[in-house]
Amino acid sequence: MSMENLESLKDLWKNQGESKIRYSQNDIHKMVQRKSSSIVKWILIISLLEFILPNLIFLFTDFDSTRIFYEQYGLSNTMLIYSAIHIIVIITFIYVFYKNYRNISAGSTVKILLGDIIKTRRTVKYYIYYNLTIMGIIGLNMFYAVYNSVSFQNSLETGTSMLMIWVISIILLSLALLIFWLFYRILYGFFLRKLKRNYAALSNHEEL
Amino acid sequence: MTKELEQKFAKELELHQNIIHKVCRSYTNNEAAHKDLFQEITIQLWKAYPKFRGESKFSTWMYRVAFNTAISLYRKTKRNVETTQIYDNLKELEYHDYDDSADKQLKLLYKAIYSLNDIEKALALMYLEDKSYKEIAKTLGISEVNARVKMNRTKTKLKNILNP
């Protein structure tokens, strides 16, 4: 049989015997009991960790000294507002994530399923970006409060440039946020590379 | 009720398992990975089974879930053989080991399918199964026109791999 003609391959395909690997009904019953190790399960685990971990930092902070620090620089009310916003934002993100997660179904069309998984993961991406932004804003807010405090101003040697202090502070803050962002990009890409490639392969303008 | 449903499911799956084996053989390159993928497809089929209302044939629905698992849900646990190596094996088989037996031809065909990308694999399988463009489009979730364009490209690619 020639491999030249693809039509003739259909006969070859149809006439192939049963697979050498065969499972009995009993085997299938056992398989059904096992746990899935699908990408969706991993996305759920990793995402929940990502929701929880940034907030766990609070558990390791010394509450009293933090409170004294906030009071010293008049940040107590500001931080309270940030906390309230943060809780609302987290609940909203978890709700959206859960809704997207529930939508994922192996019975969908291939394209819809790929899209649904990517969408679920994207929610977490935005959550991380929100966290980085809020960290940046709080950081700047703290710098401002500390640098403008009387105690800090008094401790400065004469001739110290405030502009220089600000530039260095912002560079260090940006660097810290950039490292977090890069780390996250790698983690995000690790899970989605294959899915994004397949999604692109299904869209109209992609070269197969 | 669940017990009954599970029994019905196991019975149908046992009967139609060859469909899944074909998908597994196309998406993996060793027996361990084949079995691993079969396991995951079975779990996904079982999870989706209560929602299967018989709006399509059981085998059509199985195809969709099997492709979804292979394309989107399955995470390979072992590194796969590099594509170049597959091409080498292909040539080797053709020049040194060539005979007309259907089995050898089938092996070559599976190797060729394996070297395609994930979406092309699904297209090639559905072509060989003689599925209509309507069904292909419905399974993948794309338009029939798009399905035709992609199918033509896949066929050309498959032809080039089989006849280098």
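The values are calculated or read from the model by the stated rules, or taken from the named source; none is laboratory data. Keep in mind that what you see is a predicted model, and the values were worked out from it rather than measured. Every residue, glycine as well, gets a Cβ built from its backbone with ideal geometry; the counts of neighbours run over all protein chains shown. Side chains included, ligands, DNA and RNA excluded: accessible areas come from the protein's heavy atoms. Shrake-Rupley method; radii C 1.70, N 1.55, O 1.52, S 1.80 Å.
Numbers for the structure displayed
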item	result
Inter-probe distance in nm under a simple model that places probes 7 Å from Cα toward Cβ, at B:V149 and A:N103	2.5 nm
Accessible surface, per residue, of the range A:26-147 when the full set of protein chains is kept, probe 1.4 Å, Å²	57 Å²
Helix axis angle, A:110-147 relative to chain A longest principal axis, alpha carbon, degrees	10 degrees
Per-pair calculated FRET efficiency, R0 = 41 Å: A:L44 and B:K3 via Cβ, rounded to 0.05	0.90
Span from the the range A:78-96 Cα centroid across to the the range A:135-208 one, whole angstrom	20 Å
Highest average packing first - B:117-130, A:188-201, Cβ atoms within 10 Å	B:117-130, A:188-201
Long pairs among B:K22/B:K138; B:K8/B:K104; B:K11/B:K134; A:K41/B:K104, criterion Cα-Cα beyond 31 Å	B:K8/B:K104; A:K41/B:K104
Heavy-atom accessible surface of the protein assembly as shown: percent carbon and sulfur, 1.4 Å	60 percent
Violating pairs (Cα-Cα greater than 27 angstrom) within the set A:K111/B:K131; A:K119/B:K159; A:K119/B:K47; A:K30/B:K121	A:K119/B:K159; A:K30/B:K121
Peptide B:141-148, shielding by other chains (average Cβ, 10 Å cutoff)	3
Backbone N under 20 Å from the A:L156 label point (7 Å along Cα→Cβ), restricted to the range A:58-81	A:72-75
